[in-house]
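Working notes, structure below.
The values are calculated or read from the model by the stated rules, or taken from the named source; none is laboratory data. Predicted model only: the values in this text are computed from it and were never measured. Because the Cβ atoms are built from the backbone with ideal geometry, glycine has one as well, and the counts that use them run over all protein chains shown. Ligands, DNA and RNA are stripped out before the accessible areas are found, and what is left, the full protein with its side chains, is counted by its heavy atoms. Shrake-Rupley method; radii C 1.70, N 1.55, O 1.52, S 1.80 Å.
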Amino acid sequence: MEKKIYLDNAATTKTKPEVVDAMLPYFSELYGNPSSVYEFATQNKKALDEARLTIANALGTESAEIYFTGGGTEADNWALIATAEAYQDKGKHIITSKIEHHAVLHTCEYLQKRGFEISYIDVDEYGIVKLDQLEKAIRPTTILISIMFANNEIGTIQPIKEIGEIAKRNKILFHTDAVQAFGQLDIDVDDLGIDMLSASAHKLNGPKGIGCLYIRKGIKIRSFIHGGAQERGRRAGTENVPFAVGFGKAVELAMTTMKERTKKETELREYLIKRVLAEVPYTRLNGHRSKRLPNNANFSFQFIEGESLLIMLDMNNICASSGSACTSGSLDPSHVLLSIGLPHEIAHGSLRLTLSEANTIEELDYTVDKIKEIVDKLRKMSPLYEDFVRRR
Ligand code: PLP
């Protein structure tokens, strides 16, 4: 196929033309600083307020609880570090899961080096956090539970409401990294008992480099970036108005299209999963069969290297992602795949395909045909596979 087939929407999404159009005037004609008092700049303040309100409405909360950040990573860092600092008099214990994004896990490591204790909760074979272990991990000194809404690699959706209830019952703050879930799943922070939530615009057809942290009123975490009084004194720095406007527009579009879009993505996902599992032998689907993001399919193909598969898919104009962490300079397989119990050699042969509503059945057919061809070719070069066939 001449055309590129983009199946890596968990990595990032295409910025929608409507989003770009909404942003453009704020680079050129409407360039005022929202903190200035004259009429010209108040239009920027208004645009910022409108974007904040759109995001707040989408999360079932109020504008005053939404703080713009430079993306999901910053929101995660802010939630964890500032909570740890603000509540350390109560205790220095934090609970998270083993399958969090590195934005949470590496921040936990940072806090560990500064005297905080972190409990990393196991997940089951589908990637669902073990709630009994979570409850048992709670101590009088626990100040925060941070569990992601849905996993970026295997798409598993966590029992967020139950975790919210556990946190509330034990008077512990609950933060969730909803970077992959926002725009894909219904989220109502009050109903789910969420105290803090991280989101990122570029995962829902908005621009890269902007996100937000929802902070429930009354939580005493302070500024993460020090300076001016922007973001009600909690996140200093002149606001990125064009990007905030883009984020707001992306959220507005995501909310109005969510039902139809995710239905289509789920149908495409199911078609893809069925074909791959039926037509490529020695293959497994990673993650939960139904409690998974509408657009996520993650497979492990025995006897091959995911990286080789990726490169060969790329040569056929297919953009995908593997389960290994090679891009981070390490040859270790993904911590998520190891946490669901996959042996190293199987985790190494993993492939993540994350769809958008723009994908077509023809694209998926072409992709499955290529996967079959490439997996077959790679297996024929694999001494492990040769050995396996000989012993069969
Ligand atoms: N959290 C999750 C679950 C993610 O998938 C990502 C991005 O891949 C992030 C956090 C980081 O978000 P950002 O790229 O906006 O910094």
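Which whole-percent values make up P(r) of the chain when all C-alpha to C-alpha distances are grouped in 10 Å steps starting at zero?
Once binned at 10 Å, the Cα pair distances of the chain give 5, 22, 30, 24, 14, 4, 1, 0.
So if I take the centroid of the Cα atoms in the stretch 359-374 and the same for the stretch 195-234, what is the distance between those two points in Å?
39
Provide the per-residue ³J(HN,Hα) series for the stretch 265-282, in order, calculated from phi with Karplus coefficients 6.51, -1.76, 1.60 and θ = phi - 60°, each as a whole number of Hz, with x at glycine and proline positions.
With coefficients 6.51, -1.76 and 1.60, one gets 4, 5, 5, 5, 4, 5, 4, 5, 4, 4, 5, 5, 5, 7, 10, 10, x, 6 Hz.
Out of all DSSP beta bridges with both ends in the chain, state the antiparallel percent to the nearest 5.
Numbers: 23 of 43 bridges.
Antiparallel: roughly 55 percent of the beta bridges in the chain.
Suppose every Lys and Arg Cβ carries +1 and every Asp and Glu Cβ carries -1, with no other charges. What dipole size does the stretch 17-253 come out with about its Cα centre, to the nearest 20 debye? Each step should come with its number before you reach the end.
Details: 25 positive and 32 negative charges, 185 e Å.
That gives a dipole near 880 debye.
What is the Å³ per residue value for the convex hull set by the Cα atoms of the stretch 44-202?
On the way: hull volume 17.7 nm³, N = 159.
So the per-residue Cα hull volume is 112 Å³.
Run the quick spin-label model on T360 and E260: label points 7 Å from Cα toward the beta carbon, then report their separation in nm to one decimal.
Roughly 1.9 nm, to one decimal.
Could you give the accessible area per residue of the chain, probe 1.4 Å, as a whole number in Å²?
On the way: 17150 Å² over 392 residues.
Result: 44 Å² per residue.
How many lysine pairs are close in the stretch 208-358, with Cα atoms under 22 Å apart and the two 8 or more places apart or on different chains?
Lysine pairs meeting the criterion: 10.
With label points built 7 Å along Cα→Cβ from the Cα atoms of A11 and K171, find their separation and express it in nm.
Those two pseudo-labels are separated by 4.7 nm.
Any chance you could check the Cα centroid distance between the stretch 123-182 and the stretch 239-296 for me, in angstrom?
The distance from the Cα centre of the stretch 123-182 to that of the stretch 239-296 comes to 21 Å.
Taking a spot 7 Å from the Cα of T238 along the direction of its beta carbon, which residues of the stretch 20-36 have an amide N less than 19 Å from it?
Residues passing the 19 Å test: 23-36.
Please provide three numbers in whole Å: the alpha-carbon extents of the stretch 278-326 along the principal axes, with the largest listed first.
32, 23, 22
Just for the Cα atoms in the stretch 1-44, what are the lengths along the principal axes, largest first, rounded to whole Å?
Computed over the stretch 1-44, the largest-to-smallest principal extents equal 54, 20, 11 Å.
Within the stretch 263-291, name every residue whose backbone N is under 19 Å away from a label modeled 7 Å from Cα of V389 along the Cβ vector.
Output list for this probe position: 279-283.
With the crude spin-label approximation of a point 7 Å out along Cα→Cβ, what separation in nm comes out for D314 versus D124?
The modelled label-to-label distance comes out at 3.7 nm.
Read phi for every residue in the stretch 48-61 and hand back ³J(HN,Hα) as whole Hz from Karplus 6.51 cos²θ - 1.76 cosθ + 1.60, θ = phi - 60°, with x for Gly and Pro.
5, 4, 5, 4, 4, 5, 4, 5, 4, 4, 5, 9, x, 9
State the extension gain, in nm to one decimal, for the chain segment bounded by F27 and A64, taking 0.36 nm per residue of separation less the distance between their alpha-carbons.
Full-extension gain reported as 10.8 nm.
Alpha carbons only, please: Rg and Dmax for the stretch 327-392, in angstrom.
When restricted to Cα atoms, the stretch 327-392 yields Rg and Dmax of 15.2, 44 Å.
If I compute solvent accessible area with a 1.4 Å probe over the protein chains, what percent of it on the chain is carbon and sulfur? Mind dumping the intermediate values first?
Details: 9190 of 17150 Å².
Of the solvent-accessible surface of the chain, carbon and sulfur hold 54 percent.
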